[in-house]
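A.B. asks: Sharing a structure here in structure tokens format.
Since every read-out is calculated from the coordinates, none of them should be taken as a lab result. What you are looking at is a predicted structure, and each value in this text was computed from that prediction instead of being measured. Methodologically, a virtual Cβ is constructed for each residue, glycine included, from the backbone with ideal geometry; neighbour enumeration extends over all protein chains shown.
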Amino acid sequence: MQAQTAEQLTQKKCVPCEGGVAKYARDEAQAQLNTLVGWRLTHDGQRIRKDWTVKHFLAGMEFFNAVAKIAEDDGHHPDVHLESYRKVWIELWTHAIGGLSENDFILAAKIDQLPIKLK
């Protein structure tokens with residue numbers, strides 16, 4: 001798979017996945033991550049994650065609400081986490097295949113376009 005730009009990814013819509021889709025290999029995932037800012041591989045290359053420190057608790061909740069809207073629109077849902085009232089992080093992977101698919105990178109690119117109030 002050839003890596004796509006963040007712009008190319010944001011023009012796409014996630015495709016429902018019930019399995020049967022090949023996972024990204026670690027080198028493919030890393031090549032795609034090189035086009036996105038701040039995301040990193042976790043869980044032995046099977047997931048991607050990004051962390052932020054927001055201005056205050058409500059900034060984190062506002063951000064999560066915006067993430068929830070685009071996730072619901074695309075039918076691809078991330079794990080969202082809030083720690084210590086200002087540290088937020090999102091983890092993406094395609095549950096049906098137990099690894100990364102194009103959907104994860106599409107959603108990551110769209111999340112990166114959302115406004116977020118940082119510290």
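A.B. asks: Report, in deg cm²/dmol and to the nearest 500, the calculated mean residue ellipticity at 222 nm for the chain, where each DSSP H run with n ≥ 4 adds -39500 (n - 2.57) and the sum is divided by the residue count.
C.D. replies: -10500 deg cm²/dmol
A.B. asks: Mind checking which lysines have their Cα closer than 16 Å to the Cα of K87? Skip sequence neighbours fewer than 8 apart in that chain.
C.D. replies: Straight-distance partners of K87: K50, K55, K117, K119.
A.B. asks: So, counting K/R as plus one and D/E as minus one, what does the shell of residues with Cβ under 13 Å around V80 add up to?
C.D. replies: -2
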